[in-house]
Amino acid sequence: MKTTIEEQQQLALTQGRDRMDMYTAIHKALRAMMCDTLVAVGRLDPQDEPEVVHTAQRVFDLLDICRAHLAHENAFVHVPMQAQAPGSADAAAQEHVEHEHHIAQLSHLTGAMVRSAAALRAPLALALYRALALFVADNLRHMAHEETQHSVTLWAHFSDAQLHEMHGNILASIGPQEMATTMRWMIPACNPQERAETLLGMRAGAPAPVFQAVVEGVRPHMDDSGWAKLCVVLDIAPQPGLTATVA
């Protein structure tokens with residue numbers, strides 16, 4: 001399963017400009033979390049016990065999000081795809097099985113690193129780094145295929161209203177902690193237009209305290225320019241005590 005640069009260009013220029021996009025925002029979140037976690041493991045000091053525990057927890061958090069993402073796609077995307085276009089999700093579903101095996105292996109290796117004696121930890125940390133790099137690389141390719149081939153299938157067989165319903169079913173299945181983690185990575189990773197669309201949609205459908213918690217949770221991870229643009233769109237004050245900026 002290979003996605004070419006030409007396919008990416010064709011999709012960006014013609015096929016999906018005005019259609020419901022199931023993949024881009026969540027995949028930006030996953031790419032950001034994967035790459036940031038990989039860098040953290042690569043620079044880990046295996047002799048620093050608190051750093052080892054903290055970095056290991058970051059790996060576990062990533063694996064939890066990846067495992068949940070697989071489950072969401074299997075249940076809410078692949079099932080309707082297969083019903084309307086039999087075989088269209090076969091390759092991705094098989095890769096999901098492989099990803100689940102990789103997640104289990106990475107979880108085991110991470111636990112082994114944490115439990116090992118400090119003198120033996122460096123080789124395990126390097127092994128984890130290399131294994132995680134392969135997992136990230138495989139997922140980057142996998143997500144590119146979904147964004148092209150799966151998107152084309154979804155657009156051919158489902159209306160935007162049906163795709164929004166599909167996406168709504170995914171959101172309804174996500175618990176508060178998973179949602180908070182996903183937003184923490186998604187909003188900073190997205191461009192200003194995608195941030196606005198996501199958060200305005202959330203504000204329209206979520207309780208005010210939930211929306212406020214999400215906004216407060218993403219602020220530390222955004223630069224000043226991106227935050228200022230978001231405040232304009234959301235009509236909120238950029239800093240406590242200031243009035244909202246009006247576009």
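Read-outs: derived from the displayed coordinates by stated rules, not from any lab. All figures in this text were calculated on a predicted structure; none of them were measured in a lab. Here the Cβ positions follow ideal geometry from the backbone for every residue, glycine too, while neighbour counts run over all protein chains shown.
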Checklist entry - How much FRET efficiency would the formula 1/(1 + (r/R0)^6) give for residue 122 and residue 97, where r is the Cβ-Cβ distance and R0 is 41 Å, rounded to 0.05? => result 0.80
Checklist entry - Along the Cα-to-Cβ line of residue 49, 7 Å from the Cα, sits a label point; which residues in region 99-134 have backbone N less than 15 Å from it? => result 114-121
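Tell me, what is the Rg over Rh of the chain, with Rh the Kirkwood radius over Cα pairs?
Working: Rg = 19.7 Å, Rh = 19.8 Å.
Here the Rg-to-Rh quotient is 0.99.
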Checklist outcome for this item: Yeah, region 60-109 with a ≥ b ≥ c from its alpha-carbon gyration tensor (a/c under 1.5 is rounded, else prolate when a/b outruns b/c, oblate otherwise) is oblate
Item to check | Two-site label geometry, residue 130 and residue 31: point separation in nm, points 7 Å out along Cα→Cβ | outcome: 2.7
Checklist outcome for this item: In Å, the C-alpha Rg and Dmax of region 191-247 are 10.7, 27
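Would you calculate a helix-derived [θ] at 222 nm for the chain, using -39,500 (n - 2.57) for each DSSP H run of n ≥ 4 and dividing by the full residue count, to the nearest 500? All intermediate terms of the calculation are to be shown ahead of the outcome.
On the way: 12 runs with 177 residues, N = 247.
Counting only the DSSP helices, I get -23500 deg cm²/dmol.
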Item to check | More than 17 angstrom apart: percent of Cα pairs within region 135-247 | outcome: 64
Checklist entry - How do 173, 116 line up, fewest other C-beta atoms within 10 Å first? => result 173, 116
Checklist entry - Which length gain, in nm to one decimal place, applies between residue 138 and residue 161 when the Cα-Cα distance is subtracted from 0.36 nm times their residue separation? => result 5.1 nm
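At 0.36 nm per residue, and after removing the present C-alpha to C-alpha distance, how many nm does the segment from residue 222 to residue 204 gain when stretched out fully? Show your work: numbers first, answer last.
Details: separation 18, 0.36 × 18 = 6.48 nm, distance 2.25 nm.
Additional length available on full extension: 4.2 nm.
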Checklist entry - Tell me, what ³J(HN,Hα) does each residue in region 171-176 have, in order and in whole Hz, if you take phi through Karplus 6.51 cos²θ - 1.76 cosθ + 1.60 with θ = phi - 60° and put x for Gly and Pro? => result 4, 5, 8, 8, x, x
